[in-house]
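Chemist: Input: one structure, supplied below.
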Amino acid sequence: MLQFYSRYIVSPSVIIPIILGLTRYKSLKGPHRFLLYFLFWSAFSDLVIITMNMHHRVNADVLHVYTPIEFLLLASFYRGSFESLIVRETILWTIIIFTVFCIINPIFLQNVYLFDTYTTSVEFIMLIIMSVAFMSKENDSLNQRWQDNLDNWFNTGILIYFSGALFYFMLSNYLIGFPLYILFMFQAAHATLLLILYILFSIGFIRYKHA
């Protein structure tokens, strides 16, 4: 049941925000295009992982490549959404330093065939900080209703997913030794968080016609 839910409901649902984003691509602002690229990258990586699972191959090494690119795309969204030069430069240097960390991690810290819990944990925490900072910035502006601000939908999706899935990825190398029902609970929760992310991104792209 979990495999059906994850593989045939959650994974294909990424197509919806991708199609919505593509139909509005010409009107998408720079930062929002990074979100569309992130969806493409997520869909492609998910397809690779599913294919490897079908052939009973370990896929942890894929995440060592997936993580830095995911962070690059989402951090670039936030970098383009802040007007402060200091904040933009800070995010730029964060991207550079994190990329170096992702290169060093499988060489000196974690075997490439283990889940990259160090880099994903750092990535999730940094994205949570960015999303909270962005939410604080938007709350200071009372020029429009919450739901009328397109960025609020995207930012909320990122905040819910990365804050909710943080401990799942932090513990991913240890969950293998847990009873199966606990592992399934974590996986089902993660799949649901991912589905929520796709739904909120879809709403954000839909509301472009009202912008």
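The values are calculated or read from the model by the stated rules, or taken from the named source; none is laboratory data. Owing to the predicted nature of the structure, the values given are computational and were not obtained by experimental measurement. All Cβ positions, even for glycine, are placed from backbone atoms using ideal geometry, and neighbour counts span all protein chains on display. These area figures cover heavy atoms from the full protein model, side chains too; ligands, DNA and RNA do not enter into them. Shrake-Rupley method; radii C 1.70, N 1.55, O 1.52, S 1.80 Å.
Chemist: Using a 10 angstrom cutoff on alpha carbons, build the Gaussian network for the chain and name the most mobile of Phe38, Phe101, Phe71.
Modeler: Most flexible of the set in this elastic network: Phe101.
Chemist: Can you tell which of Phe169, Ile9, Ile103 lies farthest toward the positive end of the dipole of the chain, using +1 and -1 charges on the Cβ of basic and acidic side chains (Lys, Arg; Asp, Glu)?
Modeler: The residue sitting farthest along the positive end of the dipole is Ile9.
Chemist: Given only helices, namely DSSP H runs of n ≥ 4 each adding -39500 (n - 2.57), what is the per-residue ellipticity at 222 nm of the chain, to the nearest 500 deg cm²/dmol?
Modeler: Mean residue ellipticity, 222 nm, calculated: -23500 deg cm²/dmol.
Chemist: Still on this model: Can you tally the net charge around Arg79? Count Lys and Arg as +1, Asp and Glu as -1, for every other residue whose Cβ sits under 10 Å from the Cβ of Arg79.
Modeler: That sum, taken over residues with Cβ under 10 Å, equals 0.
Chemist: Mind checking the angle between helix 85-104 and the chain's longest principal axis? C-alpha axes, 0 to 90 degrees, to the nearest 10.
Modeler: 10 degrees
Chemist: Another question, if that's okay. Using only Cα atoms, tell me the angle between helix 30-54 and the longest principal axis of the chain; keep it within 0 to 90° and round to the nearest 10.
Modeler: So the helix axis and the longest Cα principal axis differ by about 20 degrees.
Chemist: Relative to the present Cα-Cα distance, how much length would full extension add between Ile103 and Ser136 at 0.36 nm per residue of separation?
Modeler: Length difference between fully extended and current span is 8.7 nm.
Chemist: GluC sites (Glu not before Pro), restricted to the stretch 3-101: which are DSSP loop and have at most 16 other Cβ atoms within 10 Å?
Modeler: Filter output for the stretch 3-101: Glu83.
Chemist: Relative contact order, percent, of the chain when contacts are C-alpha pairs under 8 Å separated by at least 6 residues?
Modeler: After rounding, I find 26 percent.
Chemist: Which whole-angstrom value gives the distance between the alpha carbon centres of the stretch 16-78 and the stretch 91-162?
Modeler: Cα centres, the stretch 16-78 to the stretch 91-162: 14 Å.
Chemist: Hey, can you find the accessible area per residue of the chain for me, probe 1.4 Å, expressed in square angstrom?
Modeler: 55 Å²
Chemist: In addition: What's the FRET efficiency of Leu22 with Trp93 using the Cβ-Cβ distance as r and R₀ = 41 Å, to the nearest 0.05?
Modeler: FRET efficiency, Leu22 to Trp93: 0.80.
Chemist: Counting only protein heavy atoms and using a 1.4 Å probe, what share of the accessible area of the chain belongs to carbon plus sulfur, as a whole percent?
Modeler: 70 percent
Chemist: Further, regarding this structure: Tell me, in nm to one decimal, what length is gained between Phe167 and Val65 on full extension, where the rule is 0.36 nm per residue of separation less the Cα-Cα distance?
Modeler: Length gained between Phe167 and Val65: 34.7 nm.
Chemist: Please compute the length gained on full extension between Ile128 and Trp146, using 0.36 nm multiplied by the number of residues separating them and subtracting their Cα-Cα distance.
Modeler: 4.5 nm is the gain from fully extending Ile128 to Trp146.
Chemist: Just to confirm the number: angle between the C-alpha axis of helix 117-139 and the first principal axis of the chain, 0 to 90 degrees, nearest 10?
Modeler: 20 degrees
Chemist: Residue by residue, what Karplus-based ³J(HN,Hα) values in Hz, rounded to whole numbers, does the stretch 196-203 have, using 6.51, -1.76 and 1.60 with θ = phi - 60° and x for Gly and Pro?
Modeler: Listing the rounded values in order: 4, 4, 5, 5, 5, 5, 4, 4 Hz.
Chemist: What's the local net charge at Asn149, with K and R +1, D and E -1, over the other residues with C-beta under 10 Å away?
Modeler: Once positives and negatives cancel, what remains is -1.
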